[in-house]
1. How high is the relative contact order of segment 117-221? Use alpha-carbon pairs under 8 Å, at least six apart in sequence, and give a whole percent.
2. Taking all protein chains together and a probe of 1.4 Å, list PHE15, PHE183, PHE103 from the most accessible to the least accessible.
3. Quick one: angle between helix 33-42 and the longest Cα principal axis of the chain, in degrees between 0 and 90, rounded to 10, please.
4. Counting DSSP beta bridges in segment 76-197, what percent are antiparallel, to the nearest 5?
5. Calculate the length of the line joining the C-alpha centroid of segment 104-143 to that of segment 62-101, in whole Å.
6. Give me the lysines in straight-line cross-link reach of LYS196: C-alpha distance below 30 Å, same-chain residues under 8 apart excluded.
7. Relative contact order for segment 160-230 using alpha-carbon pairs under 8 Å, separation at least 6, rounded to a whole percent?
8. Hey, can you find the accessible area per residue of segment 1-109 for me, probe 1.4 Å, expressed in square angstrom?
Amino acid sequence: MKILLVEDETPIADFARKGLEEQGFTVDVSSDGEDGFHLATTQEYDAIILDIMLPGRDGISILKGLREKGVAVPVLLLTARGSLDDRLQGLNLGADDYMTKPFYVEELVARVHAIHRRHTGERLTIRTVGDLRINLLTREVWRGDSPIELTSREFNLLEYLTRVPGRVYTRTQILEHVWGYYFDPKTNVIDVHIQKLRVRLAREGEDREAVIQTVRGAGYRVAAAEAAAP
Ligand code: CA
């Protein structure tokens, strides 16, 4: 999941970013309201964590601007203790949740998961694709009855590719969402991770592209349910 964190207080931003990254999120941080708004309207995020008091442009104005532009990304507001007006105004303008500073990062992670699930309509924490089962909260994966051990990056890659089975995800999309890169690193980092993921998911005697298919010149896709069945 890719998150935009707009927060000008460096200690809070660093702490939140670290906590989110430890849970497998890819995080872009902006410390300025104008810059944050620009990122929010030009990049694709799964959720935005938005401080209210910001230099350049405040969080409420950013939220209002996003909703006016039809950007429906889930937004969690960070508010100062006691600022009830900000919270009410934020919720009225279409914020999905808010947290009062200071906060526990575990709670922030749980709430970001929750607003994202509400937004995507994915009420279940277990995603099933063919014979794959992916627990989005505990980050456990099974194929049939066999648990599959994945690194954090491999899990993020699998989570991204299984969002819409059958859909082709381009290398650029994968780099942005799974690695947080906005440039081509000119390496085979994606191919290497796809290969590792295929090995981990593989069943004996199975075609190597049984779960993750290469679409030449386009990208990768996870087979839609019927095709992925054993
Ligand atoms: Ca602030």
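1. Numbers: 104 pairs, mean separation 23.0, N = 105.
Reported as a whole number, the value is 22 percent.
2. PHE183, PHE15, PHE103
3. 30
4. Values: 11 of 15 bridges.
Expressed as a percentage, antiparallel bridges in segment 76-197 total about 75.
5. Their Cα centres are 23 Å away from one another.
6. By straight Cα distance, LYS196 reaches LYS2, LYS18, LYS186.
7. Working: 71 pairs, mean separation 30.4, N = 71.
So the answer I get is 43 percent.
8. Values: 4950 Å² over 109 residues.
Per residue, segment 1-109 has an accessible area of 45 Å².
The values are calculated or read from the model by the stated rules, or taken from the named source; none is laboratory data. All values reported here derive from a predicted model rather than from experimental measurement. With ideal geometry, Cβ positions are generated from the backbone for all residues, glycine too; neighbour counts draw on all protein chains shown. Calculation scope for accessible area: heavy atoms of the full protein, side chains included, ligands and nucleic acids excluded. Shrake-Rupley method; radii C 1.70, N 1.55, O 1.52, S 1.80 Å.
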